[in-house]
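Asker: First the structure, then my questions, so here it is.
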Amino acid sequence: MDDSVGQPSKETLAVWEKQYSPSQWTVRFPTASEVIDYHVKFVTNVSNQNRETLQKRLDIDYSSGDREKVDIYGDNLPEDAPLFVYIHGGYWQMLEKETSAYPAKPLVDHGVRVMIVGYELCPSLTLEELVRQIKVAGEFVLNYATENGVKQVAIAGHSAGAHLIASMLDQEFKNVVGEEFNLLKDVFLISGVYNVQELRYTNSVNRDNLLGITNSNARQLSPLYAKYDHLQPSDDRLRFHLYVGQHESDVFRAMSTQMNDHLVSFGLQTNLEILPNLDHFDIVENLSNEDHPLTKAILSGFGKL
């Protein structure tokens, strides 16, 4: 990997614009706008249904920001029920927890409490500030688990959410949460963004540098360059699961492969799956289905299958 990515030529930038635009790669719809419209409608409708039918607690503060809140589904389950935490995507600038509750029902039906994390969006803050914010959310999650006697926590993130999780799990975070870190057993990184160095130049994602990526922090904000040696050997039960869809761009599939290899280089338990016939969007839309391979993997990690 080249860690000194500079301003690209027009030709190279045109390639990057498409590679970092997941909607351009769908085979389900004729146009990119149609897959986006469908995705937003789908996740909104399913999330609304879950909010109407499942026992829940909404808008629990983990910090002082308007979006620094979590929603909990399956609030009627035993206090010590296993906990699944979900962090949505949207390139750090779109979507919200209210439309990201679509994974909840199959898990709650199997006795797993689900926590959906909200967070502030760029450009109201920079990506570097957002990573710090997610660490506060992660500390809240593990404190909540400890206070309620939860024995097992799994966390999943989609796209930008996967980036935030991979960025969160650094030495500083582990030091802050202490022994509570051991409650985290499974990390699901779905269609993640693990290198922001090329992406920083794309107008489709980072127009006017709304993410606040600079020469000095581009590598720091790229999990592909992070150290994870602090996760071994004491955390040998921590498992990483990387997923990416068949119908995603070369760059997205390559980032998942590279991230998997990067984690393996630190001796971590990890597996990578390229899921057939899925794109960047239905790979998580199908979390609303208990027969989805990813849903099954989450439930299996909790011993619920």
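The values are calculated or read from the model by the stated rules, or taken from the named source; none is laboratory data. Here the structure is a predicted model, which means the values were calculated and not measured. Ideal geometry is used to build each Cβ from the backbone, glycine not excepted, and the neighbour counts take in all protein chains shown. When the accessible area is computed, the model is the full protein with side chains, heavy atoms only, and any ligands, DNA or RNA have been set aside. Shrake-Rupley method; radii C 1.70, N 1.55, O 1.52, S 1.80 Å.
Asker: How many of the residues making up the stretch 14-37 are closer than 20 Å to N277 by Cβ and among the basic types (K, R)?
Answerer: Number satisfying all stated conditions: 1.
Asker: Give the residue that is farthest from G149 (Cα to Cα), with candidates limited to residues of the stretch 178-188 that are in a helix (DSSP H, G or I) and open to solvent by 10 Å² or more (accessible area, probe 1.4 Å). Before the answer, list the steps.
Answerer: Filtering the stretch 178-188 down to residues in a helix (DSSP H, G or I) leaves 178-183.
Subset that is open to solvent by 10 Å² or more (accessible area, probe 1.4 Å): 178-180, 182-183.
On the way: G178: 16, E179: 14, E180: 11, N182: 13, L183: 10 Å.
Only one residue fits best here, namely G178.
Asker: Quick one: what pairs do we get from the stretch 50-67, first residue assigned to a loop (DSSP other than H, G, I, E, B), second among the acidic types (D, E), C-beta under 9 Å, 6+ apart or different chains?
Answerer: L54/D75; Q55/D75; Y62/E68; Y62/E139; G65/E120; D66/E120; R67/E96; R67/E120
Asker: Could you go through the stretch 165-175 and let me know if any residue there is closer than 17 Å to R219 by Cβ, of a type in the set (S, T, Y), at pLDDT 95 or above and surrounded by 21 or more Cβ atoms within 10 Å (Cβ to Cβ).
Answerer: Within the stretch 165-175, one or more residues are closer than 17 Å to R219 by Cβ, of a type in the set (S, T, Y), at pLDDT 95 or above and surrounded by 21 or more Cβ atoms within 10 Å (Cβ to Cβ).
Asker: Report yes if A81 is of a type in the set (A, V, I, L, M, F, W, C) and outside any helix (DSSP H, G or I), otherwise no.
Answerer: yes
Asker: Does N206 satisfy the criteria of being crowded, with 22+ Cβ neighbours inside 10 Å, closer than 26 Å to P22 by Cβ, among the polar types (S, T, N, Q) and free of Cβ contacts under 8 Å to residues at least 12 places away in the same chain?
Answerer: Values: crowded, with 22+ Cβ neighbours inside 10 Å: yes; closer than 26 Å to P22 by Cβ: yes; among the polar types (S, T, N, Q): yes; free of Cβ contacts under 8 Å to residues at least 12 places away in the same chain: yes.
The answer is yes for N206.
Asker: Residues of the stretch 138-166 being assigned to a helix (DSSP H, G or I), more than 13 Å from the chain's Cα centre (by Cα) and not hydroxyl-bearing (S, T, Y), which ones? Before you say what the answer is, go through the steps one by one.
Answerer: Initially, the stretch 138-166 is screened for residues assigned to a helix (DSSP H, G or I), giving 138-147, 160-166.
Still in the list and also more than 13 Å from the chain's Cα centre (by Cα): 139-147.
The answer is E139, F140, V141, L142, N143, A145, E147.
Asker: Pick from L242, L238: which is crowded, with 21+ Cβ neighbours inside 10 Å and either at pLDDT 95 or above or over 13 Å from S191 (Cα atoms) (or both)?
Answerer: L242
Asker: Going through the stretch 102-124 one residue at a time, which ones are open to solvent by 20 Å² or more (accessible area, probe 1.4 Å) and either touching a helix residue (DSSP H, G or I) at 6+ places or on another chain (Cβ under 7 Å) or within 17 Å of A166 (Cα to Cα) (or both)?
Answerer: If the condition is that a residue be open to solvent by 20 Å² or more (accessible area, probe 1.4 Å) and either touching a helix residue (DSSP H, G or I) at 6+ places or on another chain (Cβ under 7 Å) or within 17 Å of A166 (Cα to Cα) (or both), then K105, H110, E120 are the ones that fit.
Asker: Kindly establish whether T270 is open to solvent by 10 Å² or more (accessible area, probe 1.4 Å), among the hydroxyl-bearing types (S, T, Y) and assigned to a strand (DSSP E or B).
Answerer: Judged against the criteria, T270 is a match.
Asker: Please find, within the stretch 245-261, the residue that is least open to solvent (accessible area, probe 1.4 Å) out of those that are among the charged types (D, E, K, R) and out of contact with any Leu (no Cβ under 9 Å at 6 or more places or on another chain).
Answerer: Step one: list which residues in the stretch 245-261 are among the charged types (D, E, K, R), which gives 248, 250, 253, 261.
Then drop every residue that is not out of contact with any Leu (no Cβ under 9 Å at 6 or more places or on another chain), which leaves 250, 253.
Values: D250: 85, R253: 68 Å².
If we take residues in the stretch 245-261 being among the charged types (D, E, K, R) and out of contact with any Leu (no Cβ under 9 Å at 6 or more places or on another chain), then R253 is least open to solvent (accessible area, probe 1.4 Å).
Asker: Name the one entry in V46, V70, V5, V27 that is hydrophobic (A, V, I, L, M, F, W, C), touching a residue at least 24 places away in the same chain (Cβ under 8 Å) and part of a strand (DSSP E or B).
Answerer: One residue alone meets the criteria, V70.
Asker: Among the residues that make up the stretch 77-89, is at least one of them open to solvent by 60 Å² or more (accessible area, probe 1.4 Å) and charged (D, E, K, R)?
Answerer: There is at least one residue in the stretch 77-89 that is open to solvent by 60 Å² or more (accessible area, probe 1.4 Å) and charged (D, E, K, R).
Asker: Oh, and also: Does at least one position in the stretch 51-58 carry a residue that is farther than 28 Å from G301 by Cα and either touching a strand residue (DSSP E or B) at 6+ places or on another chain (Cβ under 7 Å) or of a type outside the set (A, V, I, L, M, F, W, C) (or both)?
Answerer: No: zero hits.
Asker: Return the residues of the stretch 129-150 that are surrounded by fewer than 17 Cβ atoms within 10 Å (Cβ to Cβ) and of a type in the set (D, E, K, R); say none if nothing qualifies.
Answerer: The answer is E129, R132, E147.
Asker: In the stretch 46-65, which residues are surrounded by 13 or more Cβ atoms within 10 Å (Cβ to Cβ) and either closer than 20 Å to N286 by Cα or in contact with a Leu (Cβ under 6 Å, 6 or more places away or on another chain) (or both)?
Answerer: Matches in the stretch 46-65: V46, S47, N48, Q49, N50, R51, L54.
Asker: Next up: Do we find a residue being under 29 Å from H292 (Cα atoms) and of a type in the set (V, I, T) anywhere in the stretch 230-246?
Answerer: yes
Asker: Still on this model: Within the stretch 209-235, track down each residue that is among the polar types (S, T, N, Q) and either open to solvent by less than 40 Å² (accessible area, probe 1.4 Å) or over 29 Å from N271 (Cα atoms) (or both).
Answerer: N209, T214, N215, S216, N217, S222
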